[in-house]
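Notes follow once the structure below has been shown.
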Amino acid sequence: MATGRMEFHADTIMQHANFCYVLPNDFIMEEIKDPRHYDRPTISLILLHGLTGTDTDWLYGGVAQEISKQYNLAVFMPTVGNSYYLDRGYAGGNYASFIGEELPDYIRKTFGYCQSREKTMIAGLSMGGFGSIHTALAFPENFFSCIALSSGLVIREIAETGTRKTSVMPDQMVRDIFGDPKTLLASDKNPEVLYRRLKKEGKEIPSIYLAIGTEDLLYENNQEFRSFLEKENADYYYEEGPGVHNWDFWNEYLPKGIEWAISHPV
């Protein structure tokens, strides 16, 4: 495999943006559990970190190299700080646009991956789980599926209380990222708003894989979003199992999400 870390100047966030990558270009086929994944073109995966994380998290703490090898994936892991992968509405703070448009475009021009919606998906853990859902729904023309693990689906909680009760995020940080709680539910920062808009406009909506540990503090938040998807008759798949908010759960369920996504009709 080829692994590396590089940076480029990103206009949307007005800074040099770091990302790590793993490319499945030189594996020994005897190491592959299911060689059929190499009978198709390589699929691109943008893989997102959680709150306080960086682009190296999935490379060193997670299974980025293993999933690249086993599933024939070109994996790209960016750093966005504690942005929640949301646009702030001004040049220099548009993190959703960075992940959903500028990064795939740079990957396409530099590596030749992310060539089409049908061969590009997005995934993440915690804050990155929220980011994968929001980005996929904000830029559905670029992703056929998203994989959301232990997702920080906190929009409704913040709208109702103005804060995060079980988080390291201080109140001012919550306000800076999400804005006025009174208008949050009706804003583009709410994945439910994005989903309903796509459905109303008759546009293609990425499939959604949702997984959460039954002992995770975000369990109820994920149940609320699961109920929303169920009511909307969305194309989604939900899994849960014993687990808390840690790498044991994420490393177990990311491959499950990948298997579901790539075997699911686009």
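Scanning the stretch 23-69 for residues that are farther than 14 Å from Met1 by Cβ and surrounded by fewer than 16 Cβ atoms within 10 Å (Cβ to Cβ) returns Glu30, Lys33, Asp34, Pro35, Arg36, Asp39, Arg40, Pro41, Thr52, Tyr60, Gly61. Looking only at residues in the stretch 1-22 that are of a type in the set (Val, Ile, Thr) and either at pLDDT below 95 or assigned to a strand (DSSP E or B) (or both), the one that is surrounded by the most Cβ atoms within 10 Å (Cβ to Cβ) is Val22. Only a single criterion out of (1) free of Cβ contacts under 8 Å to residues at least 60 places away in the same chain; (2) touching a Phe, Trp or Tyr at 6+ places or on another chain (Cβ under 7 Å) is not satisfied by Arg175, namely (2). Checking Ile28, Ile99, Ile32 one by one, the residue that is under 20 Å from the mean Cα position of the chain (by Cα) and among the β-branched types (Val, Ile, Thr) is Ile99 and no other.
Within the stretch 194-216, the set of residues being under 23 Å from Leu254 (Cβ atoms) and more than 19 Å from the chain's Cα centre (by Cα) comprises Thr214, Glu215. Scanning the stretch 107-127 for residues that are within 21 Å of Ser145 (Cβ to Cβ), not in a loop (DSSP other than H, G, I, E, B) and not acidic (Asp, Glu) gives Ile107, Arg108, Phe111, Arg117, Lys119, Thr120, Met121, Ile122, Ala123, Gly124, Leu125, Met127. When Tyr209, Tyr195 are screened for being touching a residue at least 40 places away in the same chain (Cβ under 8 Å), within 18 Å of Met127 (Cβ to Cβ) and surrounded by 17 or more Cβ atoms within 10 Å (Cβ to Cβ), only Tyr209 passes.
Report yes if Gly124 is modelled with pLDDT of 95 or more and in contact with a Phe, Trp or Tyr (Cβ under 6 Å, 6 or more places away or on another chain), otherwise no. For Gly124, the condition - modelled with pLDDT of 95 or more and in contact with a Phe, Trp or Tyr (Cβ under 6 Å, 6 or more places away or on another chain) - is not met. When you scan the stretch 81-94, do you find a residue that is touching a His at 6+ places or on another chain (Cβ under 7 Å), among the hydroxyl-bearing types (Ser, Thr, Tyr) and crowded, with 20+ Cβ neighbours inside 10 Å, even just one? The answer is yes, given that some residue of the stretch 81-94 is touching a His at 6+ places or on another chain (Cβ under 7 Å), among the hydroxyl-bearing types (Ser, Thr, Tyr) and crowded, with 20+ Cβ neighbours inside 10 Å. The set of residues in the stretch 44-73 that are touching a residue at least 40 places away in the same chain (Cβ under 8 Å) and part of a loop (DSSP other than H, G, I, E, B) comprises His49, Gly50, Leu51, Thr52, Gly53, Asp55, Thr56, Gly61, Gly62, Val63, Asn72. Given the structure, is Phe76 in contact with a strand residue (DSSP E or B) (Cβ under 6 Å, 6 or more places away or on another chain) and assigned to a helix (DSSP H, G or I)? No, not satisfied. Does any residue of the stretch 119-126 turn out to be in contact with a strand residue (DSSP E or B) (Cβ under 6 Å, 6 or more places away or on another chain), of a type in the set (D, E, K, R) and either crowded, with 24+ Cβ neighbours inside 10 Å or over 16 Å from Phe228 (Cα atoms) (or both)? Yes, the stretch 119-126 contains a residue that is in contact with a strand residue (DSSP E or B) (Cβ under 6 Å, 6 or more places away or on another chain), of a type in the set (D, E, K, R) and either crowded, with 24+ Cβ neighbours inside 10 Å or over 16 Å from Phe228 (Cα atoms) (or both). Go through the residues of the stretch 179-187 one by one and say whether even a single one is under 19 Å from Ser132 (Cβ atoms), surrounded by 13 or more Cβ atoms within 10 Å (Cβ to Cβ), in contact (Cβ under 8 Å) with a residue 24 or more places away in the chain and of a type outside the set (Gly, Ala, Ser). No, the stretch 179-187 has no match at all. The single residue among Ser126, Ser150, Ser145, Ser132 that is touching an Asp or Glu at 6+ places or on another chain (Cβ under 8 Å), of a type in the set (S, T, N, Q) and in contact (Cβ under 8 Å) with a residue 12 or more places away in the chain turns out to be Ser150.
Tyr237: of a type in the set (Ser, Thr, Tyr), closer than 21 Å to Lys256 by Cβ and in contact (Cβ under 8 Å) with a residue 40 or more places away in the chain, yes or no? So Tyr237 does not fit the description; no.
The values are calculated or read from the model by the stated rules, or taken from the named source; none is laboratory data. Note that the structure is a prediction, hence the values are computed from the model and not measured. Cβ: placed from backbone, ideal geometry, glycine included. Neighbour counts: every protein chain shown.
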